[in-house]
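Below is one structure, written out as structure tokens; the observations come after it.
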Amino acid sequence: NAGVTQTPKFQVLKTGQSMTLQCAQDMNHNSMYWYRQDPGMGLRLIYYSASEGTTDKGEVPNGYNVSRLNKREFSLRLESAAPSQTSVYFCASNRNRGWETQYFGPGTRLLVL
Amino acid sequence: GENVEQHPSTLSVQEGDSAVIKCTYSDSASNYFPWYKQELGKRPQLIIDIRSNVGEKKDQRIAVTLNKTAKHFSLHITETQPEDSAVYFCAASKGSGGYNKLIFGAGTRLAVHP
């Protein structure tokens with residue numbers, strides 16, 4: 001099993017450009033999450049999807065949109081990138097239960113100029 | 001909403017010493033407290049977790065303690081080794097419904113010197 005995979009690994013954007021970060025898991029998990037990681041601020045939840053067909057906002061949703069394409073895939077879209085969105089983005093997943101371990105993908109490093 | 005504070009932000013120890021990282025949380029309804037380890041350039045990985053019905057949990061050289069009254073929990077690493085060098089994150093969650101939203105602390109960078 002590949003676990004949680006993310007593409008791309010690294011991306012450079014200019015301010016105002018758009019892009020979609022892709023995430024897929026092969027563990028038959030129902031819940032998926034998008035986090036951003038900034039120095040000194042830990043991991044902050046952007047959006048999550050408790051199950052296929054549902055999405056909800058996390059702590060820092062402004063400037064992002066998400067799509068739960070199917071049970072395996074959960075994408076994060078930046079419609080108009082800003083320098084403040086320079087960060088490392090992690091996707092995670094777990095089974096649809098309250099106390100289950102979250103498994104993280106390898107991350108996407110995004111630089112917005 | 002929930003807020004998790006983590007201390008210290010950096011910790012330097014000699015190999016073989018113990019290391020302790022402390023976290024406090026604000027929401028008394030939180031009931032799940034995992035710890036993640038993140039090596040440089042890698043993804044966070046769960047190393048141990050504790051639920052609110054347990055006061056302490058051990059796994060070899062790693063232990064976590066929880067004080068619900070004081071709303072704080074701690075990670076203890078004994079006999080530290082150079083491979084323990086990493087950033088450690090605590091987190092808290094209410095685990096409501098069928099999913100858990102984790103609120104993370106800011107992280108502790110642990111350096112273990114040979």
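The values are calculated or read from the model by the stated rules, or taken from the named source; none is laboratory data. Just so we're clear, the structure is a prediction, and the values are computed from it rather than from any experiment. Reconstructed Cβ throughout: ideal geometry from the backbone, glycine too, with neighbour counts over all protein chains shown. All accessible areas refer to the heavy atoms of the entire protein, side chains included, with ligands and DNA or RNA removed. Shrake-Rupley method; radii C 1.70, N 1.55, O 1.52, S 1.80 Å.
Table for the structure above
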item	result
Among the residues listed as A:Ala24, A:Ala2, A:Ala81, the single one being away from chain B (no Cβ under 12 Å), of a type outside the set (Ser, Thr, Tyr), crowded, with 18+ Cβ neighbours inside 10 Å and part of a loop (DSSP other than H, G, I, E, B)	A:Ala81
Filtered residues of the range A:37-82 (kept if of a type in the set (Lys, Arg) and in contact with a strand residue (DSSP E or B) (Cβ under 8 Å, 6 or more places away or on another chain))	A:Arg44, A:Lys57, A:Arg68, A:Arg72, A:Arg77
Residue within the range A:87-107 that is more than 10 Å from chain B (Cβ to nearest Cβ), free of Cβ contacts under 8 Å to residues at least 60 places away in the same chain, assigned to a loop (DSSP other than H, G, I, E, B) and under 15 Å from the mean Cα position of the chain (by Cα) present	no
Of residues in the range A:27-47 being outside any strand (DSSP E or B) and at the interface with chain B (Cβ under 8 Å from one of its Cβ atoms), the one least open to solvent (accessible area, probe 1.4 Å)	A:Gly42
Total residues in the range A:48-57, condition at the interface with chain B (Cβ under 8 Å from one of its Cβ atoms) and of a type outside the set (Gly, Ala, Ser)	1
Test: residue in the range B:54-73 that is open to solvent by less than 10 Å² (accessible area, probe 1.4 Å), closer than 30 Å to A:Arg109 by Cα and in contact (Cβ under 8 Å) with a residue 40 or more places away in the chain	no
Elements of type strands (runs of 3 or more DSSP E) contained in the range B:1-65, each with 1 or more residues being closer than 18 Å to A:Leu43 by Cα	B:4-7, B:10-14, B:19-25, B:32-38, B:45-51
Residue in the range A:63-77 that is within 13 Å of chain B (Cβ to nearest Cβ) and of a type in the set (S, T, N, Q) present	no
Exclusive hit being open to solvent by less than 60 Å² (accessible area, probe 1.4 Å), within 11 Å of chain A (Cβ to nearest Cβ), among the polar types (S, T, N, Q) and out of contact with any Leu (no Cβ under 8 Å at 6 or more places or on another chain), set B:Gln45, B:Gln6	B:Gln6
Boolean, B:Glu79 is at positive phi and either open to solvent by 50 Å² or more (accessible area, probe 1.4 Å) or part of a loop (DSSP other than H, G, I, E, B) (or both)	yes
Residues of the range B:102-113 that turn out to be modelled with pLDDT of 90 or more, facing chain A (nearest Cβ under 7 Å) and open to solvent by less than 20 Å² (accessible area, probe 1.4 Å), as a count	3
Residues satisfying the stated conditions in the range A:6-41, i.e. over 15 Å from the mean Cα position of the chain (by Cα) and under 20 Å from B:Lys42 (Cβ atoms)	A:Asp26, A:Met27, A:Pro39, A:Gly40, A:Met41
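Yes/no per residue for (1) out of contact with any Ser or Thr (no Cβ under 8 Å at 6 or more places or on another chain); (2) modelled with pLDDT of 95 or more:
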site: B:Glu2; (1), (2): no, no
site: B:Val13; (1), (2): no, yes
site: B:Ala19; (1), (2): no, yes
site: B:Ser74; (1), (2): no, yes
site: B:Ala86; (1), (2): yes, yes
site: B:Ser96; (1), (2): yes, no
site: B:Asn100; (1), (2): no, no
